[in-house]
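The values are calculated or read from the model by the stated rules, or taken from the named source; none is laboratory data. Values in this document were obtained by computation on a predicted structure and should not be read as measured data. Positions of Cβ are backbone-derived with ideal geometry, glycine not excepted, and every protein chain shown enters the neighbour counts.
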């Protein structure tokens, strides 16, 4: 059975939209008529990315928020653990969903399962909603016959990611508001207050202090060229984005990023945490280590580290141990390598990888908290210093004028 999107009119003439399963377009139309609806259009459910091929595919691909994916996964794990078949679990979760987008996606996945495809293959129609890590783990759970346990692990993993992301976003709110407030105050002072004061000083004909002349020049620059500066910065951002889309440029940029003080520690920590947590959940779900390494490498945001993980994967496939293969890259923290070596020696690599993930995540969050705690006071100092300089630039000519009068 396939999933069909329909638009129909009810007996009151109101338009109704939804998704139904059926063997054909004609059957779905008949189901609608049996329900007292007049079908206007019935079409197969397709990925919305096919409607705009001239734009980047990821802009239109059907996707799920992290919170939505965690909820769907947890519900699926509970229902399958209770003994429901996969297709019935999908039907129940789709009916439970309050979002039409999620409901349509789950109905389409259920249709593929009803046609005989595995759950992992059915999810492959929505790669933006269910990434490679998710599908590979589900496939391993289906093969091992422990799909409910694997889905519970996936839900835990997704919820942990969401919580970490939420903590960082909440910590960024105050510094971002301070930064925007500083910009607004400076633009207001330089664009509107200073020009009015300049007219008063110009009538006196006195020699203005250096600080005042500098602020006046800066104000004139903001008034005449501020918009052009904003446009130029926007163009630079777009150009940088396009350049970073080129593999060779991105590779060189990411490699350089791993050697910049503070930034390198942050980048290595984030990528190491992502890699170890992904590898832990794949390995514990029964995915072979070489395949798990390949998938975990794709999760990394740094392309240079991705290349190093690909090299380590080749070494592991040739018989090397995981910690030696990672050590040869020269970019992973020693603590992580020692813990992996201990896990390999004791035969508890899965548990040790999970501990590595927690350790690296805590390390990254500690560094992020320190940087964000410094950012707020720095913005206050910058805002206070800028306002003080503008006020002094206004007061100095007034003080000089009073001295001349005396």
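I'd like to check which helices (runs of 4 or more DSSP H) are fully inside the stretch 207-285 and have at least 1 residues that are over 22 Å from the mean Cα position of the chain (by Cα) and loosely packed, with under 13 Cβ neighbours inside 10 Å. Where helices (runs of 4 or more DSSP H) fall fully within the stretch 207-285 and carry at least 1 residues being over 22 Å from the mean Cα position of the chain (by Cα) and loosely packed, with under 13 Cβ neighbours inside 10 Å, they are 210-244, 247-257. Pairs are defined by a Cβ separation below 6 Å, a sequence spacing of at least 6 or placement on different chains, a first member in the stretch 102-120 that is closer than 10 Å to residue 91 by Cβ, and a second member that is in a loop (DSSP other than H, G, I, E, B); the pairs so defined are 114/1. Summed over the stretch 138-187, residues that are under 15 Å from residue 283 (Cα atoms) and not in a helix (DSSP H, G or I) total 1.
Can you find a residue that is in a helix (DSSP H, G or I), at pLDDT below 85 and either closer than 22 Å to residue 383 by Cβ or in contact with a strand residue (DSSP E or B) (Cβ under 7 Å, 6 or more places away or on another chain) (or both) anywhere in the stretch 109-132? Scanning the stretch 109-132 turns up at least one residue that is in a helix (DSSP H, G or I), at pLDDT below 85 and either closer than 22 Å to residue 383 by Cβ or in contact with a strand residue (DSSP E or B) (Cβ under 7 Å, 6 or more places away or on another chain) (or both).
To keep it simple, each residue is scored yes or no on (1) part of a helix (DSSP H, G or I); (2) at pLDDT below 90; (3) not assigned by TED's automatic domain parsing to the domain that holds residue 288.
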site	(1), (2), (3)
308	yes, no, no
324	yes, no, no
329	no, yes, no
335	yes, yes, no
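Taking helices (runs of 4 or more DSSP H) as the structural unit, those lying wholly within the stretch 1-96 and holding at least 2 residues that are at pLDDT 70 or above and closer than 18 Å to residue 111 by Cβ correspond to 25-34, 66-81, 86-96.
Being part of a helix (DSSP H, G or I) and surrounded by fewer than 16 Cβ atoms within 10 Å (Cβ to Cβ): is that true of residue 345 here? Yes, satisfied.
Scanning the stretch 189-218 for residues that are closer than 27 Å to residue 377 by Cβ and modelled with pLDDT of 80 or more yields 211, 214, 215, 218.
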